[in-house]
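Readers should treat all values here as calculations from the given coordinates under stated rules, not as data from a laboratory. This one's a predicted model, so the numbers in the text were calculated from it and none came from an experiment. Every residue, glycine as well, gets a Cβ built from its backbone with ideal geometry; the counts of neighbours run over all protein chains shown.
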Amino acid sequence: MKSRSILLPIVAAFIASCTVRLDDYRAYSGDGTFVPHPAPTWVCQDGYSVDLGTIDLSSPGTVTRQLAGLPRMTAVIGLQLDYRSAAPRTSAPPPIPTAVVEVSVRDEHDRSVLSRQERLSAWSASIDPADPARVYLFRRPPTWEVPQPSGAVRVEPINVGADDGSGSYFKPRRDGRYTLHFTVSEPDPNLAGFDVRLRVDGVAACL
């Protein structure tokens, strides 16, 4: 029993050393505003968000942003829609965006990390129950099932680019420099007046 009491703190310290901490992170040098998010518990990773500015989904246009010095954790490119900014305000559920967008990321070697062109209605929506007027849209990596000799199947992402880019996800290298292009090729006039922000978010996981 005594050996267990010694082992547990050692294991706890090892697990803590494997998680990503951003408390003193100051290395981001790309566009936008980088904000670290402390982990809720010691067995979780810290997260982060990068606000890359507003996007007008109601008119055609392209924005280009530079990303440099991102932490080495899964990053998700997404859109934050704030339906509280629309006028007149209603209690109806948020409309499903129908704009056609193109999002692409290339690294400093001009390799394709990810590239997608599709309607936003194909993206996943995350709604915070505590704030249902704010919706986060992102694209999950497309997958396919690979049959195994045992008869089971293994799910794998498809169309994987450099740095494991798939959907709107990728895993940045610590010294990686990336160029993000976001284009509204077919606008959605129903989204005029809504606050839409382009974001990159670090996926915080717990052990």
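Listed values, structure above:
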| item | result |
| --- | --- |
| In order through the range 118-123: 3J(HN,Hα) via Karplus (6.51 cos²θ - 1.76 cosθ + 1.60), integer Hz, x for Gly, Pro | 5, 6, 5, 5, 7, 7 |
| Two-site FRET efficiency, residue 153 against residue 203, from Cβ-Cβ distance with R₀ of 25 Å, rounded to 0.05 | 0.55 |
| Paramagnetic label zone (point 7 Å from Cα along Cα-to-C-beta, residue 112; backbone N under 12 Å) in the range 132-162 | 159-162 |
| Sequence ranges 148-161, 66-79, ranked by mean other-Cβ count within 10 angstrom, highest first | 66-79, 148-161 |
| q = 0.13 Å⁻¹, the range 48-207: log10 I(q)/I(0) [Debye, one scatterer per Cα] | -0.65 |
| For the range 32-41, Karplus couplings with θ = phi - 60° (6.51, -1.76, 1.60), whole Hz, Gly/Pro x | x, 10, 8, 10, x, 10, x, 5, x, 9 |
| Packing-based order for 126-134, 97-105, 192-200, 33-41, using average beta carbon neighbours within 10 Å, highest first | 97-105, 192-200, 33-41, 126-134 |
| Where labels lie 7 Å past Cα in the beta-carbon direction, separation of residue 192 and residue 72 in nm | 4.9 nm |
| Under 5 Å, built H, 5+ apart or other chain: amide partners of residue 31 | 66, 67, 68 |
